[in-house]
Amino acid sequence: MSESTAQTTATTVFPPVPVPTGYLGGLTPEAFEALPAVLRRFLAYTQFETASDMHAAPGVRPSTAAQTVLARRIAGELAEMGLSPVLDASGLRVVVDATPGFEDRPTAGFIAHLDTSPEASGGPVKWKIVDYEGGPLTLNAESGVVLDPTRFPEVAAAAGGPLVVTDGTTLLGADDKAGAAILTELARVLVDSAIPHARIALAWTYDEEIGRGTEGFDLKAFGADYAYTIDGGALGGFETETFNASQARVVFRGLSVHPGSAKNRMVNALRMAADFMNRLPPGEVPEKTEGREGFFHPVEMKGSVTEAEVTLIIRDHDEALFRAREAKVREIVEAMCGVWGDRIEVEIDFQYHNMGHYMAKAGGVAEMARSAYRECGVEPVEEPIRGGTDGSRLSEMGLPTPNIFTGGLNFHGVHECLPVRHFLKAFEIVCAIAGKTTKLRTLETFEG
């Protein structure tokens, strides 16, 4: 973006964007207004359907226009605070100037994404807040959707407090509208309070769920020296290491012949696709791996006799094992061509590296976050994240960006939920980090 364009965009007037529905989860307007402000923001954001589209043409940003509607809603909220938001093809961003006297500190960034996973319906979400006492919780009796701790053990930690759930027909969208709400409310706190802080840049990005969140992201315009994504799960999570990731697209080209005369003539693309799936290592899939174990994960299979296609993602924390997995897919395709003929093609697109390598040079950034966690009564749970965030690619681009939890659980499906106490604790920690930015002299040195 040119300087002149940036100035024009920054001064754009953002008219109010109303919430698409008047849905209040069965609460009275008075009861809804009595909820914590950050929770109200999150619940309002769930009413914007913002699923990204993995089939959108390359270079189309965002992949779905609906994401910009929520971006404009948030831009309007920021403008009402007296800030000057910038909205472009990479998303929304805004800067809160440093408290006088701390202009020389490194600029901190906080990032969340606006899109939700396309793997489940994104809404509008029929949320409700329940007082969860533990045990199985029926979300939708008609469809038999039950939030059961025996299948989702993390939810047991939410017992004894309020829990935001859906009606079992959509995901909730805590990934990552919870993070988006935390950023917006952080902006309000920084504007309205006297908490000393360094210069702080906030960004709400598009298309993280399909691996395009950093496409076109202008690091110079964002202006941060380090950042945190607010995109994690359970209470206490603090991730400085992610998967290495790529996506493979395998195309099978068949030959259609009338089935009555198909012997020794027809080549069925669907059978080729099934053969490919059967050749993948059966134990190296998400549902059979944990910790640092990598996997192959088919996410879509479609086609006909004439042509079929399988899309799968490839993940591993270890760089050498990751490259070996990519090679394994190519070897399978090569072997299949020896059986089926030259009818199979594979394209593997790299997505992001493990951020651990880059975080090694930003110890102060990680230590500042750990200090904030402990100050708020939460011990950081540091495990390699079995996934990735925009921070993976941003760290590679030169912006060290670890990941902070939101409290959300069971992302990407109808069992997604948000323990309110854990969400509020995430917001408290993010505010505490912002207040500690005056004590970070360099990325390596935190004086807390």
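The values are calculated or read from the model by the stated rules, or taken from the named source; none is laboratory data. Remember, it's a predicted structure, so these values are computed and weren't measured experimentally. Cβ sites come from the backbone with ideal geometry, for glycine too, and all protein chains shown count toward neighbours.
Residues that are of a type in the set (Gly, Ala, Ser) and farther than 13 Å from residue 109 by Cα within the stretch 212-228 comprise 213, 216, listed in sequence order.
Among the residues making up the stretch 147-180, a single one is of a type in the set (Ser, Thr, Tyr) and either touching a Gly at 6+ places or on another chain (Cβ under 6 Å) or outside the structural domain of residue 230 (by TED's automatic domain parsing) (or both): 170. Do the conditions hold for residue 123, that is, is it modelled with pLDDT under 95 and surrounded by 21 or more Cβ atoms within 10 Å (Cβ to Cβ)? Criteria met by residue 123.
Being closer than 20 Å to residue 371 by Cβ, within 20 Å of the chain's Cα centre (by Cα) and in the same structural domain as residue 41 (by TED's automatic domain parsing) narrows it down to one residue among 235, 219, 183; which is it?
235
Just checking, does the stretch 52-73 include any residue being at pLDDT below 95, under 25 Å from the mean Cα position of the chain (by Cα), in the same structural domain as residue 201 (by TED's automatic domain parsing) and at positive phi? Yes, the stretch 52-73 contains at least one residue that is at pLDDT below 95, under 25 Å from the mean Cα position of the chain (by Cα), in the same structural domain as residue 201 (by TED's automatic domain parsing) and at positive phi. Considering (1) charged (D, E, K, R); (2) closer than 29 Å to residue 158 by Cβ; (3) in contact (Cβ under 8 Å) with a residue 40 or more places away in the chain, the lone condition that residue 374 does not fulfil carries the number (3). Selection of strands (runs of 3 or more DSSP E) fully inside the stretch 129-241 by the criterion of at least 2 residues being in contact with a helix residue (DSSP H, G or I) (Cβ under 9 Å, 6 or more places away or on another chain) and not aromatic (Phe, Trp, Tyr) returns 161-165, 200-205, 226-232.
Annotation: of all residues in the stretch 173-218 being buried (at least 24 other Cβ atoms within 10 Å of the Cβ) and among the basic types (Lys, Arg), the one that is farthest from residue 398 (Cα to Cα) is 177. When you go through (1) touching a Lys or Arg at 6+ places or on another chain (Cβ under 6 Å); (2) at pLDDT below 95 one by one for residue 361, which number turns out not to apply? So residue 361 meets the others, but not (1). Only one of these conditions is not met by residue 385: (1) crowded, with 18+ Cβ neighbours inside 10 Å; (2) not assigned by TED's automatic domain parsing to the domain that holds residue 205. Which number is it? Of (1) crowded, with 18+ Cβ neighbours inside 10 Å; (2) not assigned by TED's automatic domain parsing to the domain that holds residue 205, only one is false for residue 385: (2).
Residues checked against (1) buried (at least 18 other Cβ atoms within 10 Å of the Cβ); (2) aliphatic (A, V, I, L, M):
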| residue | (1), (2) |
| --- | --- |
| 344 | yes, yes |
| 375 | no, no |
| 392 | yes, no |
| 420 | yes, yes |
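The one condition from (1) under 14 Å from residue 239 (Cα atoms); (2) of a type in the set (Phe, Trp, Tyr); (3) outside the structural domain of residue 442 (by TED's automatic domain parsing) that residue 322 does not meet is (1).
Only one entry in 446, 405 is surrounded by 24 or more Cβ atoms within 10 Å (Cβ to Cβ) and modelled with pLDDT of 95 or more, namely 405. Could you check, for the stretch 76-97, whether at least one of its residues is in contact with a Pro (Cβ under 7 Å, 6 or more places away or on another chain), modelled with pLDDT under 95 and either under 24 Å from residue 172 (Cβ atoms) or of a type outside the set (Lys, Arg) (or both)? There is no residue in the stretch 76-97 that is in contact with a Pro (Cβ under 7 Å, 6 or more places away or on another chain), modelled with pLDDT under 95 and either under 24 Å from residue 172 (Cβ atoms) or of a type outside the set (Lys, Arg) (or both). For the stretch 170-188, the criterion of being touching a residue at least 24 places away in the same chain (Cβ under 8 Å), among the small types (Gly, Ala, Ser), touching a Pro at 6+ places or on another chain (Cβ under 7 Å) and farther than 25 Å from residue 60 by Cα is met by none of the residues. Per the listing 248, 262, the residue uniquely within 28 Å of residue 411 (Cα to Cα), surrounded by 14 or more Cβ atoms within 10 Å (Cβ to Cβ) and of a type in the set (Gly, Ala, Ser) is 248.
What number of residues in the stretch 73-97 are in a loop (DSSP other than H, G, I, E, B) and either buried (at least 22 other Cβ atoms within 10 Å of the Cβ) or out of contact with any Gly (no Cβ under 9 Å at 6 or more places or on another chain) (or both)? The qualifying residues number 7.
Based on this model, can you work out whether residue 395 counts as of a type outside the set (Phe, Trp, Tyr), more than 27 Å from residue 162 (Cβ to Cβ) and at pLDDT below 95?
Here the answer is yes, as residue 395 does meet what is asked.
Entry remark, the stretch 242-258: residues being over 18 Å from residue 350 (Cβ atoms) and in contact with a helix residue (DSSP H, G or I) (Cβ under 9 Å, 6 or more places away or on another chain) number 6 in total. For the stretch 391-430, the tally of residues that are assigned to a loop (DSSP other than H, G, I, E, B) and of a type in the set (A, V, I, L, M, F, W, C) stands at 4.
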